[in-house]
Amino acid sequence: MWEGSREALTDLDLAERESVLDVGCGTGVLTRVLREECPGEVVGLDADPALLQAVDPPVVRGDATRLPFREDAVDLVVCQALLINLPDPSVAVREFARVAADAVAVVEPDNSAVTVESTVDDEPALARRARERYLDGVDTDVALGASAAALLDDAGLDVVSTRRYDQVRRTGPPYSESAIEAARRKATGEALADNRAEILAGDASEADYDALRREWRSLGRDVVEQMQNEAYERTETVPFFVTVGRV
């Protein structure tokens, strides 16, 4: 994230911030970007202490729906790819609005609009089918990025802007270890098996899942073969939306 451009973060006014809270910071991917762009203090917060070990201080362990901060504690509250994982993201956004003295920014994807291009002809269509099956079975709104403005508005924030940022992931020779591992997991069916519960929670039957897994493994073998010839290339585009609201 943010390797190519940070223009979508313009409306966060990071250069003018004295204090920023990154909620659900995980291993600090966004935290590090914020610290590079902001002269003030950037605090990372996450509920998982193991993830926080990867983030330089200051960090705080805490729940996004019950932030351990007083009202108006920081200039700006930010999150990235957090709300899509919460059963009721509106609770967290209201907490953001309580703690923020000036603004709230949410950086969330629309996972229903992910696109894949590949030198393996069947991969784009099969990836789309697998994604649709998965999205049908998850119990959170993993596509809320494009409509996040409504959450901010419901929390009493004045929505300033929504900017789109496309995260583009490219795979090509020479292949990284992670790319080789991803190909192996496709060929063995492990990649799809990780999402078996979500796929079956939707309209898919066991037979549907088994058929999809067979196709996935066949796809994986084609990917491995192309990799051996250094011919495999893949581009995945994940649309993120940066929505900013004023308190």
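The values are calculated or read from the model by the stated rules, or taken from the named source; none is laboratory data. From a predicted model like this one, the values you see are computed outputs, not experimental measurements. Heads up, the Cβs are rebuilt from the backbone with ideal geometry, glycines too, and the neighbour counts pull from every protein chain shown. The protein model used for the area step is the full one, side chains on, heavy atoms only, and it has no ligands, DNA or RNA in it. Shrake-Rupley method; radii C 1.70, N 1.55, O 1.52, S 1.80 Å.
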**OP:** Check whether at least one residue in region 211-220 is in a helix (DSSP H, G or I), open to solvent by 40 Å² or more (accessible area, probe 1.4 Å) and of a type in the set (A, V, I, L, M, F, W, C), and report yes or no.
**Re:** no
**OP:** Test Glu230 against the stated conditions and say whether it is of a type in the set (Asp, Glu), in a loop (DSSP other than H, G, I, E, B) and either without any contact (Cβ under 8 Å) to a residue 40 or more places away in the chain or open to solvent by 40 Å² or more (accessible area, probe 1.4 Å) (or both).
**Re:** yes
Original post:
Would you call Ser118 among the polar types (S, T, N, Q) and over 19 Å from Ala187 (Cβ atoms)?
Top reply: no
**OP:** Could you look through region 3-36, keep only residues that are over 16 Å from the mean Cα position of the chain (by Cα) and of a type in the set (S, T, N, Q), and pick out the one that is modelled with the lowest pLDDT?
**Re:** Ser5
Original post:
Among the numbered criteria (1) more than 25 Å from Leu30 (Cα to Cα); (2) in contact with a strand residue (DSSP E or B) (Cβ under 6 Å, 6 or more places away or on another chain), which single criterion is violated by Val168?
Top reply: (1)
Original post:
Right, Ala187: of a type in the set (A, V, I, L, M, F, W, C) and over 26 Å from Arg17 (Cβ atoms) or not?
Top reply: yes
**OP:** Among the residues of region 119-146, write down those that are assigned to a helix (DSSP H, G or I), open to solvent by 50 Å² or more (accessible area, probe 1.4 Å) and within 22 Å of Ala97 (Cα to Cα).
**Re:** Ala146
Original post:
Within region 70-112, which residues are within 13 Å of the chain's Cα centre (by Cα) and of a type outside the set (Val, Ile, Thr)?
Top reply: Cys79, Gln80, Ala81, Leu82, Leu83, Asn85, Leu86, Glu108, Pro109, Asp110, Asn111, Ser112
**OP:** Report the residue count in region 99-118 for those that are farther than 27 Å from Arg129 by Cβ and either surrounded by fewer than 18 Cβ atoms within 10 Å (Cβ to Cβ) or of a type in the set (Gly, Ala, Ser) (or both).
**Re:** 5
**OP:** Give region 65-95 a look and list any residue that's assigned to a loop (DSSP other than H, G, I, E, B) and closer than 14 Å to Ala105 by Cβ, or say none.
**Re:** Ala81, Leu82
Original post:
In region 28-54, what residues are part of a loop (DSSP other than H, G, I, E, B) and under 23 Å from Asp13 (Cβ atoms)?
Top reply: Gly28, Cys38, Pro39, Gly40
Original post:
Name the residues in region 147-170 that are open to solvent by less than 60 Å² (accessible area, probe 1.4 Å) and touching a Phe, Trp or Tyr at 6+ places or on another chain (Cβ under 7 Å), would you?
Top reply: Ala148, Tyr165, Gln167
Original post:
Out of region 13-36, which residues are closer than 19 Å to Ala101 by Cβ and either hydrophobic (A, V, I, L, M, F, W, C) or surrounded by 18 or more Cβ atoms within 10 Å (Cβ to Cβ) (or both)?
Top reply: Leu14, Ala15, Arg17, Val20, Leu21, Asp22, Val23, Leu34
Original post:
Restricting region 37-58 to residues that are acidic (Asp, Glu) and over 20 Å from the mean Cα position of the chain (by Cα), which is nearest to Ala97 (Cα to Cα)?
Top reply: Glu41
Original post:
From the set of residues in region 171-194 that are at pLDDT below 95 and crowded, with 17+ Cβ neighbours inside 10 Å, which is farthest from Thr140 (Cα to Cα)?
Top reply: Gly189
